[in-house]
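> Take a look at the following structure, please.
Read the figures in this text as sums done on the coordinates, not as results from a lab. Only a predicted model underlies this, so the values are computations on that prediction, with no experimental measurement involved. Here the Cβ is made from the backbone with ideal geometry for all residues, glycine too, and neighbour counts use every protein chain on show.
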Amino acid sequence: MSSPSVVAGPPLAEEPGQGAHTIAGYLREVAARYGPREAVVLRKGDHRTAWTYDDLLTRAVEVARALVGCGIGKGERVGILMTNRPEFLSSLFGTALAGGVPVALSTFSTAQELDHLVRASQVSLLLFEQQVIRKHFGTMLHELDPEIAKLRPGALASVRFPYLRRLVSLGGVQGEAEPMAVAAGGAVETWDEFLSHGARIEKALVLERADSVHPSDPGGIFFSSGTTSLPKGVVHSQRAFAVQWWRWPRLFAMHEPVRSWTGNGFFWSGNVSMVVGTAFSTGGTIVLQRMFDADEALDLAERERVTFLNGRPHQWARLQASPKWARADLSSVKYVPRGELIWQHPTVSTQWEVPMSFGCTETMTICTSFVADAPEGRVEGSFGTPLPGNFLKIVEPISGSSVPVGTVGEMCIKGPTLMSGYLGKAPEECFDAEGFFCTGDAGRVDEAGRFFWEGRLTEMIKTGGANVAPIEVDEVIARIPGVKRTQTVGVPDDLLGEMVVACIVPLDGALLDEQIVIASCKEEIASFKVPRRVLFFRDEDYAITGSEKVKSSEVRAMAVARLDADNAEAVRPTLA
C-alpha cells in the first residue's frame with residue numbers, strides 16, 4: 001500500500017540566512033549591516049529621492065514616534081493607503097516599531113470597496129495618499145462619512161467607522177509636473193502635522209516597544225478576494241514577513257546587492273515580500289515606481305541599473321509594445337520571474353532561471369520551491385518541496401483524509417509563514433483539525449516529496465497575478481437593469497493567465513451591450529476585477545431552470561467557443 005501524501009520540509013531553525021523574526025527587528029538588522037548604502041529610490045522626472053538604510057530607519061522611527069504620540073497602542077491597526085513611495089515603507093516599518101499592525105489597503109479601491117476595507121480592518125488611524133490618478137480618497141472618505149469634515153484631528157468619532165480615530169493625508173511627490181496641495185481640515189491632518197505628534201516621544205521608548213514584540217504577534221493584514229463576495233482580511237504574524245524576507249536571496253541564488261524594481265502595489269503580499277526581501281536582505285536597493293507605466297519602467301530599469309524586475313507577463317508585453325523598448329539598455333537585468341518576454345530583449349543576457357514555486361496570500365507568498373542554483377532534483381511540472389518549517393499534505397477534499405502518494409487531491413499546508421487566520425473568522429473556519437490550511441488547489445506529491453499543482457478546486461479566477469472572486473463581479477452585474485442571469489468565469493489567456501469574462505442572459509427585450517456592463521463594473525470594483533469581455537447568451541444556451549448556475553467549467557467552455565468564433569470571424573479575409 002502506498003504511503004500517505006504527507007511531506008515535511010527541513011526545520012526552520014536549520015535554514016541558512018535567517019535573522020530577526022520581527023518586522024522591526026528585520027529593519028534594525030539590515031540597517032546595522034548596510035547603514036550608509038542606498039536602500040530606496042524614487043524618480044519623478046528629473047528629481048531623484050534616495051534614502052539610505054540609516055535614513056529609512058530614521059524615517060520609520062519618526063513615524064513610530066508620531067504613532068505613539070497619537071496614542072496607538074500595541075496591536076492597534078494602522079491603515080496604509082498609498083502608491084509605491086518611500087512613505088509606504090517608513091509607515092510599514094514605523095507601525096511595526098511602535099507595536100502596531102500595518103494594514104495594506106488597495107489604491108484600486110472604489111468608494112464601496114474602501115468602505116468595506118476600513119470597516120472590516122477596524123483601523124484606528126489611516127495614512128492615505130490624497131489622490132491616485134482620478135481617485136480622490138479624501139473626497140471618498142468625506143462622502144462615506146460627512147462627520148469627517150465637522151470634527152478636528154484626533155477627535156474623530158465615526159458611527160460608520162467606529163474604530164477610526166485619526167486620518168492623515170499625503171499629497172504628491174517631488175518631481176511631479178503638478179504638485180498637489182494637501183486638502184486637510186476637519187478630522188484630516190497633513191503628514192507634517194501627523195509627524196509633529198512625535199516631537200516629545202523619545203526614540204528609546206520606540207525601540208523598547210519594538211523589543212517587546214514577539215515573532216508570533218500580529219505583523220500585518222492584507223486583503224485578498226476569496227470565495228465570498230467581499231475581500232477577506234488575511235492576518236500574518238511578524239515572523240511570516242521576516243522569514244520570507246530573509247529567504248528570498250537563498251531561493252533566488254542572489255549573491256550580490258540586488259536593485260529591485262516594482263510598479264505593482266505593496267498592498268499585495270507577494271510584492272512587498274519579494275521586493276523588500278530581494279533588495280534589503282542583500283544590501284541592495286528598492287527602485288520604486290508609484291504606478292506601472294511601461295515607458296517609465298524602461299527608463300527606470302536603464303537609469304537605475306535595475307537587476308530584479310518583479311512584474312507580470314501582461315506588463316512585460318506592454319514593455320515590448322513601448323516605443324522605448326528597442327533602444328532601452330537592459331543589460332543590468334538578471335532576475336525576472338516569469339520573464340520570457342524580457343529575456344528576448346537583445347541587451348539581456350542572463351543565464352538565471354526562476355525556481356518553480358507555489359504559494360498564495362495565505363502563506364505570505366511561497367510555501368514550496370526549488371532553489372535557483374541547485375538544479376539537481378528539478379522535475380518538469382513540479383513546484384518543488386516544502387520550504388523549511390512547512391508541512392504539506394494532499395487530502396481527499398470531502399473526507400479530509402490523506403491520499404496515497406501520486407494521487408491527486410486538495411493541497412493543504414501549515415508552517416511559519418501561514419496566516420494566523422482571517423479577520424472575523426474562528427480558527428475552525430480557517431484551518432482543519434490539525435492546523436492545516438486547505439488551499440482549494442488540486443495537486444499531488446511524488447516519492448521524493450515534490451509538489452505538482454494540478455489546477456484549482458475552487459472557481460477563483462487568477463488574472464495577472466491577482467485573485468478575483470466571480471461572485472463579487474456577478475453581484476455588481478446582477479444590479480444592472482436588464483440582466484436576467486450572470487455568471488463570470490476565467491478564460492485562459494496568454495498574458496494574464498486568465499481573463500475575466502462575464503456571461504450574461506439579458507431579460508427579453510432588454511438593450512444591453514458590452515460597454516454598458518464594463519462601465520457599470522468600473523464604477524464599483526477594482527480595475528483588475530472588471531471583465532475584459534462580456535458575452536451574451538440565451539436561456540436555451542444555459543439549459544438550466546430557476547436561479548441555479550451551471551458548472552463553471554461548462555460556462556467557461558461556452559465562453560471559449562464564443563471567443564474563438566469571434567476571433568476567427570475577425571481575421572477572416574474579405575472575398576472579392
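> For the range 105-206, which trypsin sites (Lys or Arg not before Pro) pass both filters: DSSP loop (anything but H, G, I, E, B) and at most 15 other C-beta atoms within 10 Å?
Sites meeting the loop and neighbour criteria: 134, 150, 160, 200.
> How far, in nm, would the chain grow between residue 522 and residue 54 when pulled straight, counting 0.36 nm per residue and subtracting the alpha carbon separation? If you can, show how the numbers build up before the last one.
On the way: separation 468, 0.36 × 468 = 168.48 nm, distance 4.19 nm.
My answer for the length gained is 164.3 nm.
> What GluC sites (Glu not before Pro) in the range 445-549 are in a loop by DSSP, with at most 14 other Cβ atoms within 10 Å of the Cβ?
447, 548
> Amide H of residue 383: which non-local residues (sequence gap of 5 or more, or other chain) have their own amide H closer than 5 Å, using H built in the peptide plane?
451, 452, 453
> With contacts defined as alpha carbon pairs under 8 Å and 6 or more residues apart, what's the relative contact order of the range 50-213 in percent?
27 percent
> Shifting gears a bit: Please report the spacing between the Cα centers of the range 31-45 and the range 381-450 in Å, no decimals.
The range 31-45 and the range 381-450 have Cα centres spaced 38 Å from each other.
> Next up: Per residue of the range 132-148, in order, report the coupling 6.51 cos²θ - 1.76 cosθ + 1.60 (Karplus, θ = phi - 60°) as ³J(HN,Hα) in whole Hz, putting x for Gly and Pro.
10, 6, 9, 8, 10, 5, x, 5, 4, 5, 5, 6, 5, 9, x, 5, 4
> Further question on the same structure: Calculate how many DSSP beta bridges within the chain are antiparallel, expressed in % of all such bridges and rounded to the nearest 5.
Restricted to the chain, the bridges split so that about 65 percent are antiparallel.
> Please compare each pair in 232/522; 44/522; 44/529; 232/529; 74/203 to a cut-off of 18 Å on the Cα-Cα distance and tell me which ones are over it.
Working: 232/522 20 Å; 44/522 28 Å; 44/529 29 Å; 232/529 15 Å; 74/203 16 Å.
Listed pairs above 18 Å: 232/522; 44/522; 44/529.
> Check which residues have an amide H placed less than 5 Å from residue 390's amide H, if you skip close sequence neighbours.
When sequence neighbours closer than 5 places are left aside, the close amide H contacts are 9.
> What number, rounded to the nearest 500 deg cm²/dmol, is the helix-based mean residue ellipticity at 222 nm of the chain, given -39500 (n - 2.57) per DSSP H run of at least four residues and division by all its residues?
Helix contribution divided over all residues of the chain: -9000 deg cm²/dmol.
> Per-residue HN-Hα couplings for the range 402-410, Karplus 6.51 cos²θ - 1.76 cosθ + 1.60 at θ = phi - 60°, whole Hz, x for Gly and Pro?
After applying 6.51 cos²θ - 1.76 cosθ + 1.60, I find 5, 9, x, 3, x, 8, 7, x, 8 Hz.
> Follow-up. For residue 553 and residue 157 in one chain, what is 0.36 nm times their gap in residues minus the Cα-Cα distance, to one decimal in nm? Display every interim value, and only then the final one.
Working: separation 396, 0.36 × 396 = 142.56 nm, distance 4.81 nm.
Gain on stretching residue 553 to residue 157: 137.8 nm.
> Tell me the label-point distance for the pair residue 196, residue 407, using the 7 Å Cα-to-Cβ offset, in nm and rounded to one decimal.
If labels sit at residue 196 and residue 407, their model points lie 6.8 nm apart.
> Under a plain spin-label model, where a point goes 7 Å from the Cα along Cα-to-Cβ, how far apart in nm are residue 37 and residue 317?
Those two pseudo-labels are separated by 3.7 nm.
> Taking θ as phi - 60°, what are the ³J(HN,Hα) couplings along the range 274-288 by the Karplus curve (6.51, -1.76, 1.60), each to the nearest whole Hz, with x for Gly and Pro?
Values per residue, Gly and Pro as x: 6, 6, 5, x, 5, 7, 6, 6, 10, x, x, 9, 8, 9, 8 Hz.
> Then there is this: If amide hydrogens are placed 1.01 Å from N in the peptide plane, which non-local residues have theirs closer than 5 Å to the one on residue 259?
285, 307, 308
> So which trypsin sites (Lys or Arg not before Pro) in the range 1-103 end up in coil per DSSP with only 14 or fewer other C-beta atoms within 10 Å?
Here the trypsin sites (Lys or Arg not before Pro) that fit, given the DSSP loop and packing criteria, are 74.
> Which whole-number percentage describes the relative contact order of the chain, with Cα contacts under 8 Å and a sequence gap of 6 or more? Walk me through the numbers before you get to the answer.
On the way: 1228 pairs, mean separation 77.2, N = 576.
In percent, rounded to a whole number, it is 13.
> Counting only DSSP beta bridges with both residues in the range 50-213, tell me the antiparallel percent, nearest 5.
Bridges in the range 50-213 are about 15 percent antiparallel.
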